[in-house]
Amino acid sequence: MSLLSVENLNQVYTDAYTHEEMTAVGNVSFDIPEGQFISLIGPSGCGKTTVLNIVAGFIRASGGSVMLAGKPISGPGPDRGVVFQDFALFPWKSVEANIAFGLKMRGVDKAERKRRAREVIELVGLSGFEAKYPHELSGGMRQRVGVARVLATEPTMMLMDEPFASIDAQTRRVLQQEVLRIWEQERPTVLFVTHDVDEAIFMSDRVIVLSSRPSAVQADIEIPIPRPRTWSDVYADPAFVRIRRELMAMLGVDDDEKGS
Ligand SMILES: Nc1ncnc2c1ncn2[C@@H]1O[C@H](COP(=O)(O)OP(=O)(O)OP(=O)(O)O)[C@@H](O)[C@H]1O
């Protein structure tokens, strides 16, 4: 059964100054079964972040329906955790306090907060950094905190909006592998927005391609690469090469441009 069901989603924005209407999301439908990792890719401005923000409950859609576990989404909720590109950590809180914050908001007692925070800190490889503040960490480490903070609350769905975009290329490859390792252990259902075709294939069970604005689903591609995955396995897999070529052609990019 689908955990997330997006049907005929439509989003029209009105320009605050000119009052002109612009259809960002035309008509988008897709389903995500429980435990799947799905990436959303497409040309710049096609509405990927808008779709994710509607699923997060940050934006109310102009039309269509979004159901999570059979219930319509009407706002943000503890069943969804969002990992943002810019980490969105509290600068005045330590690593451990940032991670425990969501649990505190949910009324989890102090001892349990500490236990769960320590558990996910270990999972994301930040043991020893519990007392550090965000400014004392590298970008890659800050995003580990961003991921840990969401994992700590055990959401039904994890929503990730280009979580590695502001991290240097080498660290990004390490983090992608790490997040995949964690995902394989915990198996949350994931909706992942990215510009990076290689990343989408590497991480996902399915890649959904949106067309340019007003967007619709142009393709929904299964990734038949066995798990657990490492970059070296995936690069050597003929399915990776074939799907990459297919996606690049769909997005109208040359093979050596690697997305946008
Ligand atoms: N709050 C808003 N008000 C008006 N227009 C908006 C708003 N948010 C997004 N848009 C416009 O809607 C379109 C889709 O934006 P969105 O950020 O969802 O696309 P995207 O595919 O995630 O883009 P990118 O790949 O560049 O990150 C863009 O043209 C954007 O300028």
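A short reminder: the numbers here are calculations on the coordinates, not readings from a lab. Quantities reported herein were computed from a predicted structural model and do not represent experimental measurements. With ideal geometry, Cβ positions are generated from the backbone for all residues, glycine too; neighbour counts draw on all protein chains shown.
Brief remarks on what is shown
- Our coupling estimate for the range 180-186, obtained by passing each phi through the Karplus curve with A = 6.51, B = -1.76, C = 1.60 and θ = phi - 60°, is 5, 4, 5, 4, 5, 6, 9 Hz, Gly and Pro reported as x.
- Whether the chain is rounded, prolate or oblate, judged on the alpha carbon gyration tensor where a/c under 1.5 counts as rounded: oblate
- Diffusion coefficient, µm² s⁻¹, Stokes-Einstein with Kirkwood Rh over alpha-carbon pairs of the range 133-260 at 20 °C and 1.002 mPa s: 137 µm²/s
- Gap separating the Cα centres of the range 25-59 and the range 72-104, nearest whole Å: 20 Å
- Peptide packing for 233-244, 155-166 was compared via the average number of neighbouring C-beta atoms within 10 Å per residue; ordered from the highest value, the list is 155-166, 233-244.
- Cα gyration tensor shape for the range 144-209, rounded if a/c is under 1.5, else prolate or oblate: oblate
- Whole-Hz ³J(HN,Hα) from phi, Karplus 6.51 cos²θ - 1.76 cosθ + 1.60, for the range 109-119, glycine and proline x: 6, 4, 5, 5, 4, 5, 4, 5, 4, 4, 4
- For Asn27, nonlocal amide neighbours, meaning residues 5 or more places apart or on other chains whose placed amide H falls under 5 Å from its own, are Ser215, Ala216.
- Debye log10 I(q)/I(0) at q = 0.17 Å⁻¹ for the range 1-140, Cα point scatterers: -1.05
- Amide proton proximity set for Gln36, modelled H, under 5 Å, gap of 5+: Val190
- 9 Å beta-carbon shell around Lys104, net charge (K/R +1, D/E -1): +3
- The mean sequence separation of alpha-carbon pairs under 8 Å and at least six residues apart, normalised by the residue count of the chain, gives a relative contact order of 25 percent.
- Remark: the range 153-159, residue by residue, has Karplus-estimated 3J(HN,Hα) of 8, 6, x, 5, 10, 9, 10 Hz, where x stands for each Gly or Pro and the curve is 6.51 cos²θ - 1.76 cosθ + 1.60 at θ = phi - 60°.
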